[in-house]
Amino acid sequence: MSEAAAIPDVVPVVSKDKKKVSQNYWSLVWWKFRRNRLAVIGAIILLIYYITCIFFAEFFAPYPKELESDYLEARPTYFQFRDEAGNFSLRPFVYRLEEKIDVATRSRVYEYDKTVKYPIYFFVKGEPYKLLGFIPADRHFFGTDPANPDAKVFLMGTDKLGRDQFSRILYGGRISLFIGLFSVAVFLFIGVTLGAISGYYGGATDIIVMRITELLSAFPQEPLFLALGAAVPVAWPSTRVFFIVTILLALVQWGGLARQVRGLVLSGREEQYVLAAQSFGASDRRIIFNHLIPATMSHVIVIATLKIPQMILLETALSFLGLGLVPPTVSWGTLLQNANTVRAISFAPWYLFAVPFILLSIMAYNMLGDGLRDAMDPYSK
Amino acid sequence: MGSFIIRRVFYAIIMLIVVSFVSFIIISLPAGDFMDQKIAELQARGDQSASMRVDEYRERYGLDKPVLTQYWLWISNFVQGDFGISFEFDRPVRELIGQRFTLSIILSLATLILTWAIAIPLGVYSAVNQYSLGDQVVTAIAFIGLGVPGFLLALVILYIAVVVLGQDVVGLFSQKYLDAPWSLARVWDLLKHIWVPALIGAVTGTAGTIRIMRGNLLNTFGQAFIEAARARGLKQNSVIWRHAVRMAITPLIIILGTEALPGIIAGNLLVERVLNLPTIGPLYINALLSQDMYMAGTVLVLIVFLLLVGTLITDLVLAWTDPRIRLE
């Protein structure tokens, strides 16, 4: 296989004076990871998501998330490269939308007016924003001619208030992906700490923590999370709701992690080096946090990476039902609310564009997590 | 054996009590109660006398009492079989759940059958022809299936069915058979509708089951008795199915026990909601949204009850076959 020949199995790290130095575990992990094509693809996809949604959403989105327009529930204006007459233009353009009344359904629909073309420019001046929250800027990745106020580009259609769905999907991705990360961080904090303490000290602490996790695991996760989500007051400001949803997500799931870490610590604390550290007078806290917990890291990282998509899905499900984060907060779940009814799907199917975005991010995380797991397993080829 | 059963049952009962208490507290957490929401609704419709009637309602349902008293009232009736009244529908919870229970069971049975019918042959094929093209394809499909969440799939399938195929896939019956008495035609109508939610539910289940089946089977193949069977000249098919698969299927049965029973209610909450099926799932979600305490609390306790029963049965079967477990 030419691929295996291009990237050698083990890279000998040679020090400056040409004496061979032993391979560090993490560089081995890195090399094994690089060989797994799916995992690398997953990582790249996630990188793209992070750049477009989390950090630079304002740049990539042609319109701000609350900007309403006169085009209500308008169909998407896709990029075109070839016009009616067959002329090819390298610069993409979109057609103008014309409002018409559909006689049969007596509702407003938008048709393409193919006589009017709006060319798409890149790095175009648009609504001002603050990049990363503090750098004032007004250039957007793409958009229509700023001098023409009628020129609009709605890559994925608009909703009932005329807001561009593509921009909202990007902004929604910011919230949804963030929640995935934050909640896993809290999840790790609670699970690892309680699991390690429980495993190290044993006795009463262990029994109490284990009983709590048992109680938690008696509940089915999704219904419990939905019930807790319903308890969030609707009147709360969106940032507070954001935090409480994050905490709830972690709260419902930490039991499994705690039990795994406890198992790892139980076997880890019998190791020789722990005995040595104890006889050196190392405090319990030092042993737990500086020795035992790092030893569990390879397992914990894999669990965490595979948990992130589950958290994202749970949050999406919650806001889809109208609990937790609610409009006007933009998250993928609240965007999907538009696609709630059969009527919506049949008349405005572009609401479903959020679905492939969500699916792709979840799949990328799964591929990354699987790749990490294979890379960190010292016994896999 | 007897003391094992008694210990487990005792433990399950205690768990149920604690769970019912926690569930009730959680459901009561949202500020205000069902009546506030009802008032808002009535006032929106222009009914001005609502706030007067509400106090009367409050007293009737005991909503003005402290939470602990409410819990005690509820639980003492619960054990006698009276699960409380659903505020939303103004009917006993027991009646509402009972109506939908049959359909929930039918749906989860259909999903289960579909899952196993697809997953086991695929898993066996995958293990027997390890690393072949077929195996890679099946693994890839399983991988995708694991990553695709049910309710997103439901939305997409809804779109395809309604817009592309022009079929009515919402609910489990067509208009004609909605309240009709059971007949052969009604059963046929049910079957025509049930394949959509069963398929969606089966997607995730299949993916996981394929991988587990494949892994277990590969482990079993490495064991000595398989080699012995082959050496004695048994046919390949017989070796695979009558001997290896039989061993490999045990972990699956464990999973079946613990997930199938609670899955009746909690199996596919969101899919049921999207497709608007007359099962218990949407009932639960509506109860959460409108703070219908007794309904939501009862469903939650029921799910946990089914989970505990499922675990107990599974453990009993395991203990019966493996004496070491009884000594725990």
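Are there any pairs with C-beta distances below 7 angstrom linking a residue in the stretch B:121-150 that is more than 14 Å from chain A (Cβ to nearest Cβ) to a residue that is of a type in the set (D, E, K, R), with the two at least 6 apart or on different chains, and if so which?
Going by the 7 Å Cβ cut-off, the qualifying pairs are B:Gly123/B:Arg214; B:Ser126/B:Asp135; B:Ser126/B:Arg214; B:Ala127/B:Arg214; B:Asn129/B:Asp135.
Check B:Leu312, B:Leu283 and return the single one that is at pLDDT 80 or above, under 30 Å from A:Leu318 (Cβ atoms) and either outside any helix (DSSP H, G or I) or within 21 Å of the chain's Cα centre (by Cα) (or both).
The unique qualifying residue is B:Leu283.
Check A:Val40 against each of (1) at pLDDT 85 or above; (2) outside any helix (DSSP H, G or I) and name the one condition it does not meet.
(2)
Can you work out which of the residues in the stretch B:16-33 that are in a loop (DSSP other than H, G, I, E, B) and facing chain A (nearest Cβ under 7 Å) is modelled with the highest pLDDT?
Among residues in the stretch B:16-33 that are in a loop (DSSP other than H, G, I, E, B) and facing chain A (nearest Cβ under 7 Å), the one modelled with the highest pLDDT is B:Leu29.
How many of the residues making up the stretch A:296-333 are closer than 15 Å to A:Thr239 by Cα and either more than 12 Å from chain B (Cβ to nearest Cβ) or crowded, with 23+ Cβ neighbours inside 10 Å (or both)?
Final tally of qualifying residues: 10.
Yes/no matrix, rows are residues, columns are (1) among the small types (Gly, Ala, Ser); (2) in contact with a helix residue (DSSP H, G or I) (Cβ under 7 Å, 6 or more places away or on another chain):
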site	(1), (2)
A:Pro119	no, no
A:Ile135	no, no
A:Arg168	no, yes
A:Ser183	yes, yes
A:Ile207	no, no
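Is it the case, given these coordinates, that A:Thr105 is over 15 Å from A:Phe141 (Cβ atoms), out of contact with any Cys (no Cβ under 8 Å at 6 or more places or on another chain), among the β-branched types (Val, Ile, Thr) and surrounded by 16 or more Cβ atoms within 10 Å (Cβ to Cβ)?
No: the conditions fail for A:Thr105.
If A:Lys130 meets every condition in (1) crowded, with 16+ Cβ neighbours inside 10 Å; (2) over 30 Å from A:Met297 (Cα atoms) apart from one, which number is that one?
(1)
Please count how many residues of the stretch A:58-88 are polar (S, T, N, Q) and touching a Gly at 6+ places or on another chain (Cβ under 9 Å).
Residues in the stretch A:58-88 being polar (S, T, N, Q) and touching a Gly at 6+ places or on another chain (Cβ under 9 Å): 2 in total.
Any residue at all in the stretch B:156-171 that is modelled with pLDDT under 75, more than 7 Å from every other protein chain (Cβ to nearest Cβ) and part of a helix (DSSP H, G or I)?
Going residue by residue through the stretch B:156-171, those that are modelled with pLDDT under 75 are B:163-171.
If we keep only those that are more than 7 Å from every other protein chain (Cβ to nearest Cβ) as well, we get B:164-169, B:171.
Narrowing further to those that are part of a helix (DSSP H, G or I): B:164.
Taking every residue of the stretch B:156-171 in turn, at least one turns out to be modelled with pLDDT under 75, more than 7 Å from every other protein chain (Cβ to nearest Cβ) and part of a helix (DSSP H, G or I).
(1) more than 21 Å from the chain's Cα centre (by Cα); (2) more than 14 Å from every other protein chain (Cβ to nearest Cβ); (3) closer than 30 Å to A:Ile345 by Cα: which one isn't true of B:Leu103, the others all being true?
(1)
Looking at B:Glu259, B:Glu272, can you tell me which residue is modelled with pLDDT under 80, within 14 Å of chain A (Cβ to nearest Cβ) and surrounded by 15 or more Cβ atoms within 10 Å (Cβ to Cβ)?
After applying the criteria, what remains is B:Glu259.
Could you check the stretch A:50-150 for strands (runs of 3 or more DSSP E) lying wholly inside it with 1 or more residues that are more than 30 Å from A:Ile175 (Cα to Cα) and of a type in the set (Lys, Arg)?
Answer list for the stretch A:50-150: A:80-82, A:88-102, A:107-131.
Kindly indicate whether any position in the stretch A:341-349 is among the hydroxyl-bearing types (Ser, Thr, Tyr) and either in contact (Cβ under 8 Å) with a residue 12 or more places away in the chain or surrounded by 22 or more Cβ atoms within 10 Å (Cβ to Cβ) (or both).
So the first thing to find is which residues in the stretch A:341-349 are among the hydroxyl-bearing types (Ser, Thr, Tyr), and the list is A:341, A:346.
Keeping just the survivors that are either in contact (Cβ under 8 Å) with a residue 12 or more places away in the chain or surrounded by 22 or more Cβ atoms within 10 Å (Cβ to Cβ) (or both) gives none.
No: the stretch A:341-349 contains no residue that is among the hydroxyl-bearing types (Ser, Thr, Tyr) and either in contact (Cβ under 8 Å) with a residue 12 or more places away in the chain or surrounded by 22 or more Cβ atoms within 10 Å (Cβ to Cβ) (or both).
Among the residues of the stretch A:239-246, is any aromatic (Phe, Trp, Tyr) and buried (at least 23 other Cβ atoms within 10 Å of the Cβ)?
No, that holds for no residue.
Could you please tell me which pairs satisfy a Cβ distance under 8 Å, a separation of 6+ or placement on different chains, a first residue in the stretch B:311-328 that is within 20 Å of B:Ile255 (Cα to Cα), and a second residue that is at pLDDT below 75 and of a type in the set (Gly, Ala, Ser)?
The qualifying pairs are B:Ile325/B:Ala319; B:Arg326/B:Ala319.
What are the residues in the stretch A:74-91 that are in contact with a strand residue (DSSP E or B) (Cβ under 6 Å, 6 or more places away or on another chain), crowded, with 16+ Cβ neighbours inside 10 Å and modelled with pLDDT of 85 or more, if any?
A:Ala74, A:Arg75, A:Thr77
Looking at (1) assigned to a helix (DSSP H, G or I); (2) within 16 Å of B:Ala287 (Cα to Cα); (3) not charged (D, E, K, R), find the lone condition where B:Thr115 falls short.
If we test B:Thr115 against (1) assigned to a helix (DSSP H, G or I); (2) within 16 Å of B:Ala287 (Cα to Cα); (3) not charged (D, E, K, R), just (2) comes out false.
Can you work out which of the residues in the stretch A:202-238 that are without any contact (Cβ under 8 Å) to a residue 40 or more places away in the chain and aromatic (Phe, Trp, Tyr) is farthest from the other protein chains (Cβ to nearest Cβ)?
In this case the residue turns out to be A:Trp236.
The values are calculated or read from the model by the stated rules, or taken from the named source; none is laboratory data. Keep in mind the model is a prediction, meaning the values are calculated, not measured. Glycine also receives a Cβ, built like all others from the backbone with ideal geometry; neighbour counts cover every protein chain displayed.
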